[in-house]
Ligand SMILES: *Cc1c(COP(=O)(O)O)cnc(C)c1O
């Protein structure tokens, strides 16, 4: 153990000329991380070599939300406790690394999914590597100014980045009509849990402006030209890298698809399809051969049902920036329409080029061998609605791969109390096979549940301190913790939660709600900087928090906090402490969700709609152990054409009362008029959207009823604790290990190669 510290000491002296006591957190982080990077270097090299020689799968994603690496890497290497103890012996607290920036090269769920997949693949010895963009600035840092979101640049490498290696020898050039840029690769090791297989996240950086910023949009609203350049940059640099490897192995280009499977994480990297065809044709293959190889190589994962989020590019822009690529897309489109014509099918709804628009989803579906949604219901909606025409054409291509999360980071690392509780009862097999959690169902005595509740209480105390230090609001540990953490978006309906909290507040004040169990309502979310309505909801919730937290007649029963800068690390603190998980999107809008899985795994009950993976969560954990409300997809679809939110607003006094707070002077928006606009978006609608497009008013009252059910049920701790624990015990299916192994079997045709754990660093 002392050896670890001696080595850190030495590195600090060598690299920074300081002793441990003089060193900054960043210097200690740098020394420790580099020590580990050196320690794994040989194994990593071996693994990379192995990946190159075998059939490999490559995850192409514009986003990776890996979070902070240091704890996770120590944990996966089995070193966290040793290093912690060594630090403590020398009077240092390993919690110091809480100051280290998250690596936030992603917006939310889609980017975090990519990170979880890499962890799972490395852990299970699958030859999967990630390709992505190394943005100079990650997702903006968020803080409050007068209750409004303020954005600051996320200069995440300010203090260096010890966890990646620059590979200057592997630089390639990416050509646009108006410029040629160098793509500089940075490799980050993906250290699996207790295995000597180390995966690689290969991120490409351009010295030029192209990779300066991550687009902070979950859906639409992009700075078009630059974003298209980013997409092509990622695609071309990554494919050139794969081609070079392929050539190093002296393989014939005709065998490309036999050796490489590429998964497109949404349409962002779809321009890889024409790019691969272009590169293969440059190697002397015909268009037909190249097309065939591309189709066998690519799989496409769809992440959204929202029409406005299905990417379409101006053909003009394409032609101007990427004329060669445009020509290839044109040929692909001609081939498609020719094939359809010969089958007597009208190609207009399938066309990749429609007028001046290029439909990336059509391109992705046509030139790939597998298309998947990310939860059962989502995959059904793709077949029956969003991609219905394509499903009729190629039913065999459509699959479902319900998302998952890595239990190492989202339980083992972030919730050591619950991890120990579980391991004490069923052993530690769940770390590699989450389905083992089922065995917890044999440990449901009242003694078990009391111990489980004690773990939860300690996690709440820890979160309470953490939140108090950052936000200045105290959440008493004996309160029920009701949390909604996810990107801020109208469809996720944080506004409905806010209205519910207000209604409960008025209910308590009026005496309508009696003996209310003290509850803390916690929000965490970033809004896209240009998404005015979403930003208005943040301001609104901050105003509600101020009103309630300062009202001494209720603040012993309610507290509200909207934490600043929600990110992976914040999530790792919040999730273990949650009692109630808010998953309240209207049915048919959330493709899957993964936050719902993290919270379930950590023993929170879901207060949820019948949407995304919530349905599978309810199925696995039992309706009786969760709190479902709201209409089905079909009901909402039938209702949509004649939905009249104004009628609800006028006939339901409780609804009217909370909505009116936006405009009757209860809350101030600083004279900006944004609260009035938000009000209008619910009651009257605006030029581009019908009023209350996401059914907030329609579902508000049923939602409040279920919310109150959940909160009041906590008054019987044993019964509520049992429900919570049943959720943990039923979470086995939602491991990203399962998801990635399913991709490997059904889409990538990839097998794990078994390894021994031989890494021995100290
Ligand atoms: C898991 C995760 C998400 C996704 O949350 P959803 O509730 O599925 O939208 C977003 N951001 C962070 C930081 C996460 O860890």
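Please state which of the following conditions residue 537 fails to meet, knowing it meets all the rest: (1) in a helix (DSSP H, G or I); (2) surrounded by fewer than 20 Cβ atoms within 10 Å (Cβ to Cβ).
Residue 537 satisfies every listed condition except (2).
Exactly one condition in (1) away from the ligand (no atom under 11 Å from the Cβ); (2) without any contact (Cβ under 8 Å) to a residue 40 or more places away in the chain is not met by residue 588; state its number.
Here residue 588 meets the rest and fails (2).
Give just the number: which of (1) within 25 Å of residue 386 (Cβ to Cβ); (2) out of contact with any helix residue (DSSP H, G or I) (no Cβ under 6 Å at 6 or more places or on another chain); (3) assigned to a loop (DSSP other than H, G, I, E, B) does residue 234 not satisfy?
(3)
When you go through (1) touching a residue at least 24 places away in the same chain (Cβ under 8 Å); (2) under 17 Å from residue 621 (Cα atoms); (3) surrounded by fewer than 21 Cβ atoms within 10 Å (Cβ to Cβ) one by one for residue 443, which number turns out not to apply?
(1)
Could you tell me which numbered condition residue 573 fails, if it satisfies all but one of (1) under 24 Å from residue 138 (Cβ atoms); (2) in contact with a helix residue (DSSP H, G or I) (Cβ under 7 Å, 6 or more places away or on another chain); (3) more than 9 Å from the ligand (Cβ to nearest atom); (4) part of a loop (DSSP other than H, G, I, E, B)?
Just one mismatch for residue 573, condition (4).
All but one of (1) in contact (Cβ under 8 Å) with a residue 60 or more places away in the chain; (2) assigned to a helix (DSSP H, G or I); (3) more than 19 Å from residue 703 (Cα to Cα) hold for residue 468; state the number of the condition that does not hold.
All conditions are met except number (1).
Looking at 630, 595 in this structure, which one is under 25 Å from the mean Cα position of the chain (by Cα) and within 16 Å of the ligand (Cβ to nearest atom)?
595
Considering 165, 182, which residue is more than 27 Å from residue 317 (Cβ to Cβ) and modelled with pLDDT of 95 or more?
Just one listed residue meets the conditions, 165.
Tell me, please, whether a residue that is under 20 Å from residue 726 (Cα atoms) and touching a strand residue (DSSP E or B) at 6+ places or on another chain (Cβ under 7 Å) can be found in segment 627-646.
yes
With respect to residue 15, is the statement that it is in a helix (DSSP H, G or I) and within 35 Å of the chain's Cα centre (by Cα) true?
Here the answer is no, as residue 15 does not meet what is asked.
Could you tell me which residue of segment 598-609 is nearest to residue 497 (Cα to Cα), considering only residues that are part of a loop (DSSP other than H, G, I, E, B) and within 16 Å of the ligand (Cβ to nearest atom)?
Among them, the one singled out is 609.
When residue 266 is evaluated against the numbered criteria (1) touching a helix residue (DSSP H, G or I) at 6+ places or on another chain (Cβ under 7 Å); (2) surrounded by fewer than 19 Cβ atoms within 10 Å (Cβ to Cβ); (3) at positive phi, which criterion, by number, is the only one it fails?
(2)
Which strands (runs of 3 or more DSSP E) does segment 354-428 wholly contain that include 1 or more residues that are away from the ligand (no atom under 16 Å from the Cβ) and more than 26 Å from the chain's Cα centre (by Cα)?
It comes to 357-359.
Going by the structure shown, is residue 104 assigned to a helix (DSSP H, G or I), within 16 Å of the ligand (Cβ to nearest atom) and surrounded by 16 or more Cβ atoms within 10 Å (Cβ to Cβ)?
no
Each row is one residue, and each column tells you yes or no for (1) over 27 Å from residue 675 (Cα atoms); (2) in a helix (DSSP H, G or I).
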| residue | (1), (2) |
| --- | --- |
| 624 | yes, yes |
| 630 | no, no |
| 634 | yes, yes |
| 637 | yes, yes |
| 640 | no, yes |
| 646 | no, yes |
| 649 | no, yes |
| 656 | no, yes |
| 659 | no, yes |
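Among the residues of segment 107-143, which ones are in a helix (DSSP H, G or I) and either surrounded by fewer than 20 Cβ atoms within 10 Å (Cβ to Cβ) or more than 16 Å from the ligand (Cβ to nearest atom) (or both)?
121, 122, 123
Hey, does segment 337-347 have a residue that's crowded, with 20+ Cβ neighbours inside 10 Å and either touching a strand residue (DSSP E or B) at 6+ places or on another chain (Cβ under 9 Å) or free of Cβ contacts under 8 Å to residues at least 60 places away in the same chain (or both)?
no
Residue-wise test of (1) within 13 Å of the ligand (Cβ to nearest atom); (2) at pLDDT 95 or above; (3) crowded, with 24+ Cβ neighbours inside 10 Å.
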{"position": "505", "(1), (2), (3)": "no, yes, no"}
{"position": "530", "(1), (2), (3)": "no, no, no"}
{"position": "542", "(1), (2), (3)": "no, yes, no"}
{"position": "547", "(1), (2), (3)": "no, yes, no"}
{"position": "555", "(1), (2), (3)": "no, yes, no"}
{"position": "565", "(1), (2), (3)": "yes, yes, no"}
{"position": "568", "(1), (2), (3)": "yes, yes, no"}
{"position": "581", "(1), (2), (3)": "yes, yes, yes"}
{"position": "584", "(1), (2), (3)": "yes, yes, yes"}
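What's the number of the condition residue 90 fails, among (1) within 16 Å of the ligand (Cβ to nearest atom); (2) surrounded by fewer than 21 Cβ atoms within 10 Å (Cβ to Cβ); (3) at pLDDT below 95?
(1)
Taking residue 675 as the residue in question, decide whether it is under 29 Å from the mean Cα position of the chain (by Cα), part of a helix (DSSP H, G or I) and either touching a residue at least 12 places away in the same chain (Cβ under 8 Å) or surrounded by fewer than 20 Cβ atoms within 10 Å (Cβ to Cβ) (or both).
No, not satisfied.
Could you check segment 18-71 and list, in sequence order, the residues that are in contact with a strand residue (DSSP E or B) (Cβ under 9 Å, 6 or more places away or on another chain), within 16 Å of the ligand (Cβ to nearest atom) and part of a helix (DSSP H, G or I)?
69
The values are calculated or read from the model by the stated rules, or taken from the named source; none is laboratory data. What you see is a predicted model; the values in this text were computed from it and never measured. Counting neighbours? That spans all protein chains shown, and the Cβs are built from the backbone with ideal geometry, glycine included.
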